[in-house]
């Protein structure tokens, strides 16, 4: 049955009601975290007749899928694209009766400007510009991640992207900086094409090139299957919300887990408000940063605890802007920009189902630039982004308004977006992320080996559900 928006919102609101404090719930499985991974695992178990109870620290469903429905077209503060090879997620959206829209062609409707050193650099001036530190043979190329990725793709030693976790790949687990120096890149070239609007980590020094070998191969598979960037009409957050509506078990929101105690017969999940839930097994889909504050009794295995405590998460901030009028028609530049300022990379949003009209702009700041915005706080950060945009584009002065802000590092239930890998960490910690600890099983994108993003969340949910079914 396909729910109407009105029916769906009412059903979602009903999930917020929780049982009285100190209530003890008996279930087969408690799933911690009502994001895509946790809810999909719960759905799989419930389909097999398993009694599932869910607890979620937030007052909403979705985890790192968060759609800003107060804005036109419901742009994504979290995961924004369902790619061609997302077989599990695409099948799930179809099962739930959701409509998806391909945004890939819309991304090509506006050109992105280069803005460095305090000004927009016209494309015809870029090849000879003094800030152009591109390799000699690539002076006319657009700088940044896409150019960097082309170099990685041309020098990727992995025959298959899945082999990044094989012992033989350990020799490639070194820094991006070391790899790029081997390609003959100068420090200025590395700073321009990697550290500016960084894709992973905070600098070329603290990110493993092995993760890029995996990602580039994985990205190619996605586009080879189908070159799309799909989004659920109404927001990607609708996927976990719809799962929750159809889930037969209880979903308890505003339940922040503080401790997980297991014994020979079961597991107690204890929340900050004093409420306790008990089951035979637990599936924990919590991202690593907030998992560090959970008291485990008995303690987790040393290798697993070290992975939880040491692996970083990517810092990304998003600022959403609307324009009172199309000022870009006045100055002749496209509204999207690739900048070296705290506003990062500005993309054009065209979020409507039946129109390609511009619905707003989204500024993505990553790594150190995201940290700078976090230090200011949301209000000052949004003001700074508008100020930086107006400096580069005087025609925009007084015509931009900040209408949304998200810092994933400051979200206590996330602590960042996806998990990152420093050089040398992949083979040290990856085998321990997905391993069960007694009656506690772990899922989430950080535990997947063959996928990224939403598909990684779904992959890990399937693995966890099968693990639990085998032992119940």
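Values quoted throughout were computed directly from the atomic coordinates according to the rules given, and no laboratory measurement underlies them. No experiment lies behind these values; they were computed from the predicted model shown. So basically every Cβ, Gly included, is an ideal-geometry build from the backbone, and we count neighbours across all protein chains shown.
Let me understand region 301-420 better: what is its radius of gyration from the alpha carbons, and its Dmax, in angstrom?
16.8, 61
At R0 = 22 Å, how high is the FRET efficiency between residue 124 and residue 397 if r is their beta carbon distance? Nearest 0.05 is fine.
0.30
Could you list 363, 443 so that the one with the fewest beta carbons within 10 Å of its beta carbon is first and the one with the most is last?
Ascending Cβ contact count within 10 Å gives the list 363, 443.
Using the 10 angstrom Cβ neighbour count as an exposure proxy, how do 148, 429, 442 rank, fewest first?
By the 10 Å Cβ count, ascending, the order reads 429, 148, 442.
First check a/c for region 112-246, with a ≥ b ≥ c the square roots of the eigenvalues of its C-alpha gyration tensor; if it is under 1.5, answer rounded, and if not, answer prolate when a/b is larger than b/c or oblate otherwise. Don't skip to the end; give the middle numbers.
Details: a/c = 2.20, a/b = 1.28, b/c = 1.72.
Verdict is oblate for region 112-246.
Can you give me the relative contact order of the chain as a percent, contacts being Cα pairs under 8 Å and 6 or more apart?
Relative CO of the chain lands at 25 percent.
Post the alpha-carbon centroid distance, region 209-264 to region 387-409, in whole angstrom.
30
How large is the helix-only mean residue ellipticity at 222 nm for the chain, computed as the sum of -39500 (n - 2.57) over DSSP H runs with n ≥ 4, divided by its residue count, in deg cm²/dmol to the nearest 500?
So the helix-based figure for the chain works out to -9000 deg cm²/dmol.
Going by alpha carbons, how many degrees (0 to 90, nearest 10) lie between the helix axis of 209-225 and the longest principal axis of the chain?
Tilt of helix 209-225: around 90 degrees.
Considering only DSSP beta bridges where both residues belong to the chain, give the percentage that are antiparallel (nearest 5).
Here the antiparallel bridges make up roughly 60 percent for the chain.
If you line up the Cα atoms of region 233-275 on their principal axes, what length do they span on each, largest first, in Å?
That gives 45, 22, 14 Å along the principal axes, largest extent first.
Can you sort 192, 101 so the residue with the fewest Cβ neighbours within 10 Å comes first?
So the ranking, lowest neighbour count to highest, is 101, 192.
Under a point spin-label approximation (7 Å from Cα along Cα-to-Cβ), what is the residue 205-residue 352 distance to one decimal in nm?
4.9
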